[in-house]
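The values are calculated or read from the model by the stated rules, or taken from the named source; none is laboratory data. Since the model is a prediction, treat every value here as computed from it, not as a measurement. All Cβ positions, even for glycine, are placed from backbone atoms using ideal geometry, and neighbour counts span all protein chains on display. Calculation scope for accessible area: heavy atoms of the full protein, side chains included, ligands and nucleic acids excluded. Shrake-Rupley method; radii C 1.70, N 1.55, O 1.52, S 1.80 Å.
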Amino acid sequence: MIEQPADIPPYRYTAAMARRIELAWQDRWDVDGTFHTPNPVGPLSEGFDRVVGRPKLYVNDMFPYPSGAGLHVGHPLGFIGTDVFARYQRMNGHHVLHAMGFDAFGLPAEQYAVETGQHPRVTTEANIVNYRRQLRRLGLGHDPRRSVATADVSYYRWTQWIFREIFNSWFDADAQRGRPIDELVTDLDAGIREPGQGTNPFDRTWPELSTVERREVVNNHRLAYVSEAPVNWCPALGTVLANEEVTADGRSDRGNFPVYRRPLKQWMMRITAYADRLLADLDRLDWTESIKLMQRNWIGRSTGASVIFATDAGPGIEVFTTRPDTLFGATYMVLAPEHPLVEVLTASQWPDGVAEAWTGKVALPREAVLSYQKRASQRSEMDRQAEARTKTGVFVGSYAANPANGEQIPVFIADYVLMGYGTGAIMAVPGQDQRDWDFAEAFELPIVRTVQPPPDFTGEAFTGQGPAINSAGETLTLDGMGIVEAKAAMIDWLEQYGHGAGAVTYKLRDWLFSRQRYWGEPFPIVYGADGLPQALPEEMLPLTLPDIEDFTPKTSDDENSDPEPPLGRIADWATVRLDLGEGEQEYRRELNTMPQWAGSCWYELRYLDPTNDQSFVDKEIERYWMGPDPAKPGDTGGVDLYIGGVEHAVLHLLYSRFWHKVLFDLGHVSSEEPFRRLFNQGYVLADAFVDNRGVYVEAEQVEQRDGRFFYGDEEVRREHGKMGKSLKNSVTPDEMYADYGADTLRLYEMFTGPMDQSRPWETKAVVGSMRLLQRIWRVVVDENTGKVRTSESAVPVETSRVLHRTIAGVRDGMETLRFNIAIAKITELTNHLTTAYAQGGVPAAVAEPLVLMLAPLAPHAAEEMWSTLGHEQSLTWEAFPVPDPAYLVDETVEIPVQVNGKVRATVVVPADIDAAGMEAAARADTRVAAYLDGNTVRKVVAVPGRLINFVV
RNA sequence: GCCCCCGUAGCCCAAUGGCAGAGGCAGGCCCCUUAAAAGGGCUCCAGUGUCGGUUCGAAUCCGACCGGGGGUACCA
């Protein structure tokens, strides 16, 4: 036992007392299995009969990445919030599932291992141990049996299994769903389906193809496929990265290193096939608008038309435009410098009379084009930004025909057109597009308006609404039409005359799925003599990550260096002799590993059935916890409440939706979405201090003197930012446990604001939450004897009113995740009790509900008080207090009387008075009468029980 | 540039169309204490970023602007 200082009452609620209570209850919860949550069936089903009638509730946190630095007080904000909510809903009659695992594979864990020179498994496991200790000390009510780590073999074998399922699937665009690849082969063999567009590089039909060729065509349909395409190569990390992992200024999300575009052979996931469903189903989710918007923007669906422009050189140029109505105003074309048609379209000679601006003053088109291409490829994204929007480009020396009016228009290459979007080529309409206008001005190209701007329009390109002009041809006239009508008419015309068709494009690209790193899931893939990838059969899983001496990635600052997967260093692993049905042969293994997002794409499913070694999750268990609610038509199913930071808006939250939809299509899960309701918690912010070199100094060592801040003797500048290592302003939960206890920390974090709001951390304000616990403690426990201090006396009506109003308010705060108002209501009740019962003797009938209401927020102290009040069982499964409506209304109320909206008096009236009675009572008041005297009352607004307003 | 969120007391935040204050921190005063505070009590403090509109009535709804935060950006 920890000694209390001698002069403090021995049973006061101090940090030492809190520690004793908290450690004891944490042990007891573990021993009793208090938070064991039974499944309806399977190995974890023991005790299900106790909860069989309860509605289920699945609450989940975005699981943490166990970094070497451990937790700071910002990390558990969401974890505490979900714990409070889960504990409340359990007491409120739900059967609640809440668990916690660890996202253990991936770059940050590996970077930490590299920095400390230890094996990532060693550091990761040590970090997990530390996280578990810190989180357990917080008193979170998780089912400990369900904790998983993505780097555990028993977990990643199922990550590999799901990858295999995705590899063995294709997307049926007609049915808009993923299907097993065997069904595609059956259809192709039966001749009822042709290979999809762009999947058959051979000039022959399916029946004419060889076995190997057929395999290649099938591979081109798979949802996981290998492709050679420009990807994001980050030499400093030694790996390629997904688009979602590259920041707007062309650097790596992790580490902020430069990223280069470069064609490499890599694994991709066909997430674009699901773009429409990922977009449409956002409307069915209870997510914050801001996250939905970010996903909508990232998917970036635009509708318009694809148009083919014929060229003399042969192949037509296909463009995508959202404004087919402006086709008559297309006065030139632009290809991205990397566009494959550039070579054939580049003329051998400049046409006569070409302006110098078009040629870059170079003698031959080929030279001009090559030099521009070279320049463009060397310009990093950063340079492009820095050069603002100055338009550069070069004429390729040839022309294309505008299909609308047959005019010959020049073809340019320019870096303002990006290969990665649409077709990598545009029709330029300077009259209605500012970028094209800028280019046209720089290159003296004609500008034709095809939408009539209003008379007072003074700008350049006009993108607003207006009637079409200058848009008449032999077989089509748009003049006078509005934009919507003109678009439709143009698309009809394009389709009729074979110049194009309505089209949809997306900003979303396929997900680059392979990494040249060690610390990730190995692909369950081998390559045979034909060089084509094949999945390992299910019974060969798991494919364990081999141990390796040198796990460090090969990094470099040379953008022309090549990726080199560390797994390639183990020669006897890189090749293997297997019998995959064609006799024993030698195969090469896939040497890349999966990205860190793979494991987090499905962990919420594994919590449901963590010990299952026959399946990644039992179907019945998944249906129970995550299945769609038949009472709610259109319900997607999924986790009932998912809380995490906003930073995963287009990474984890998009990838996991995609995997979940594939699993749904293949019939493995009954829910269509992984997370039915998503809530983003705010950040914990803290003061940070910068010295005059601009370097952050340890915030903890900064002193405030006369309103200025000093680090030693040096004055420093105060800033404000997200708590973390980089700003040197972290406060650890361990410090808070030692100084105040876990319950105080929990209470403080929940009190600083509603869940979705960021809030500044202020260590000196934490004491306020401790005081509240001390005062509630004192209501229940005698500080000198440790004995119960409540009485069995009757509850006065006034106290009942305060109690039941508190219950109603606390429930409201709990339901709406505004724990701050729940705590304020509890404080109000406590204040009432300490005033009304200054000498002790609070009726137990009030103290008990008070303790129960406190329980989700400060569970250890509440358990201890509950026990002091004479209860042997944990209060975890006690019913949460329910307000008695009889006490929520007063017999009389004081209502304001307004004259012209200004409060002039108040009158006391019976609570159930009607409008007429209220008016009579108000008129009877002498002050009101004085205001009304001599005026004509034009209108009386009387809201029974709220207020009355005379309009004179 | 475009989109989203947020501006209430020195600070964090309540009040979601009806008397601007629930609660906390900080400040001030008092009590307990040899003393101290992480104890107890009392108390000071804003008219809701600005301007307009809707309404009997606006912190709340609408519009514009200012300030802060976030997302995204030659996306055709």
**OP:** Would you work out which of A:917, A:935, A:899 lies farthest towards the positive end of the dipole of segment A:890-951, given +1 charges on the beta-carbon of Lys and Arg and -1 on that of Asp and Glu, about the Cα centre?
**Re:** A:935
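Relative to the present Cα-Cα distance, how much length would full extension add between residue A:504 and residue A:24 at 0.36 nm per residue of separation? It would help to have the intermediate numbers written out before the result.
Details: separation 480, 0.36 × 480 = 172.80 nm, distance 6.15 nm.
Stretched fully, the residue A:504-residue A:24 segment lengthens by 166.6 nm.
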**OP:** Work out how much length residue A:458 to residue A:882 would gain on full extension: take 0.36 nm times their residue separation and subtract the Cα-Cα distance, in nm to one decimal.
**Re:** 146.1 nm
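Quick one: if the Förster radius is 35 Å, what FRET efficiency do residue A:646 and residue A:619 give, using the C-beta to C-beta distance and rounding to 0.05?
Numbers: r = 33 Å, r/R0 = 0.94.
So the FRET efficiency works out to roughly 0.60.
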Original post:
Which percent of the accessible area of segment A:2-99 is formed by carbon and sulfur heavy atoms (probe 1.4 angstrom)?
Top reply: 54
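Got a sec? What order do A:941, A:259 fall in by accessible area at 1.4 Å, biggest, i.e. largest, first? Walk me through the intermediate numbers first.
Numbers: A:941 55, A:259 20 Å².
Accessible-area ranking of A:941, A:259, largest first: A:941, A:259.
Tell me which GluC sites (Glu not before Pro) from segment A:855-944 have a DSSP coil assignment and no more than 13 other beta carbons within 10 Å of their own. Spell out each step's value before the answer.
On the way: sites: A:863, A:864, A:872, A:878, A:891, A:894, A:919; in loops: A:872, A:878, A:891.
When the GluC sites (Glu not before Pro) of segment A:855-944 are filtered for loop state and at most 13 Cβ neighbours within 10 Å, A:872, A:891 remain.
Dividing the alpha-carbon radius of gyration of segment A:202-319 by 2.2 N^0.38 Å (N being the number of residues), what value is obtained?
Values: Rg = 19.2 Å, N = 118, 2.2 N^0.38 = 13.5 Å.
Normalised Cα radius of gyration, segment A:202-319: 1.42.
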Subject >> Accessible area of segment A:890-951 belonging to carbon and sulfur atoms, whole % at 1.4 Å probe >> reply: 49
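Quick check of the Kirkwood formula: for segment A:862-947, what is the inverse mean of 1/r over all pairs of different Cα atoms, in Å?
Working: mean 1/r = 0.0615 Å⁻¹.
When all Cα pairs of segment A:862-947 are included, the Kirkwood radius is 16.3 Å.
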**OP:** State, to one decimal in nm, how far the label point of residue A:943 lies from the label point of residue A:894, with both points 7 Å from Cα in the Cβ direction.
**Re:** 1.9
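Given the peptides A:265-273, A:95-103, arrange them by the average over their residues of other C-beta atoms within 10 Å, most packed first.
Result, highest mean Cβ count within 10 Å first: A:95-103, A:265-273.
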Subject >> Long-range amide H partners of residue A:95 with built H, under 5 Å >> reply: A:56, A:57
Original post:
On the accessible surface of segment A:471-545, probed at 1.4 Å, how many percent belong to carbon and sulfur atoms?
Top reply: 51
Subject >> Linear extension gain, residue A:356 paired with residue A:529, 0.36 nm per residue minus alpha-carbon span >> reply: 56.8 nm
Original post:
Once phi is turned into θ = phi - 60°, what whole-Hz ³J(HN,Hα) does the Karplus curve with 6.51, -1.76 and 1.60 give for every residue of segment A:595-603, x standing for Gly and Pro?
Top reply: x, 4, 6, 4, x, 7, 6, 8, 5
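What is the dipole size for segment A:543-584, taken about its Cα centre, with +1 at each Lys and Arg Cβ and -1 at each Asp and Glu Cβ, in debye to the nearest 20? Write down the numbers at each step before the final one.
On the way: 3 positive and 12 negative charges, 28 e Å.
Roughly 140 debye, rounded to the nearest 20.
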Original post:
For residue A:133 and residue A:538, FRET efficiency with R0 = 51 Å and r from the beta-carbon atoms, rounded to 0.05?
Top reply: 0.85
**OP:** Please compute the Cα-Cα pair-distance distribution of chain A with 10 Å bins starting at 0, giving whole percents from short to long.
**Re:** 2, 9, 15, 18, 17, 15, 11, 7, 4, 1, 0
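Which pairs break 31 Å Cα to Cα here: A:391/A:487; A:374/A:507; A:507/A:661; A:391/A:728; A:56/A:825; A:292/A:391?
Numbers: A:391/A:487 28 Å; A:374/A:507 26 Å; A:507/A:661 20 Å; A:391/A:728 43 Å; A:56/A:825 28 Å; A:292/A:391 34 Å.
Pairs exceeding 31 Å: A:391/A:728; A:292/A:391.
Given a 1.4 angstrom probe, what's the average accessible area per residue across chain A, in square angstrom?
Here the residues of chain A average 43 Å² of exposed surface.
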Subject >> Point-to-point label distance, residue A:757-residue A:562, nm (Cα→Cβ direction, 7 Å offset) >> reply: 5.7
**OP:** At 1.4 Å probe size, with no ligands or nucleic acids counted, give the accessible surface of residue A:36 in Å², nearest ten.
**Re:** 60
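Where does each of A:370, A:857 land when they are ordered by accessible area, with a 1.4 Å probe and the largest first? Each step should come with its number before you reach the end.
On the way: A:370 100, A:857 0 Å².
Accessible-area ranking of A:370, A:857, largest first: A:370, A:857.
At a Förster distance of 56 Å, what's the computed FRET efficiency of residue A:8 paired with residue A:722, Cβ-Cβ distance as r, to 0.05?
Details: r = 37 Å, r/R0 = 0.67.
After rounding, the FRET efficiency stands at 0.90.
Would you mind computing Rg(Cα) / (2.2 N^0.38 Å) for segment A:74-193, counting N as its residues?
Working: Rg = 21.3 Å, N = 120, 2.2 N^0.38 = 13.6 Å.
In units of the 2.2 N^0.38 Å rule of thumb, it is 1.57.
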**OP:** Could you run the Karplus curve 6.51 cos²θ - 1.76 cosθ + 1.60 with θ = phi - 60° over segment A:50-65 and give me ³J(HN,Hα) per residue in whole Hz, x for Gly and Pro?
**Re:** 5, 10, 4, x, 7, x, 7, 8, 10, 10, 9, 9, 5, 6, x, 8
Original post:
Using 7 Å Cα-to-Cβ label points, what is the residue A:836/residue A:208 separation (nm, one decimal)?
Top reply: 9.2
**OP:** Starting from the Cα of residue A:69, move 7 Å in the Cα-to-Cβ direction to define the label point; list residues of segment A:721-752 whose amide nitrogen is under 18 Å from there.
**Re:** A:721-736
Original post:
So what are the radius of gyration and Dmax for the Cα set of segment A:302-505, in Å?
Top reply: 16.7, 47
Original post:
How much accessible surface area, in Å² rounded to 10, belongs to the heavy atoms of residue A:487 with a 1.4 Å probe?
Top reply: 60
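Using only the heavy atoms of the protein chains and a 1.4 Å probe, how would A:801, A:214, A:693 rank by accessible area, largest first?
Values: A:801 35, A:214 70, A:693 175 Å².
The residues order as A:693, A:214, A:801, largest area first.
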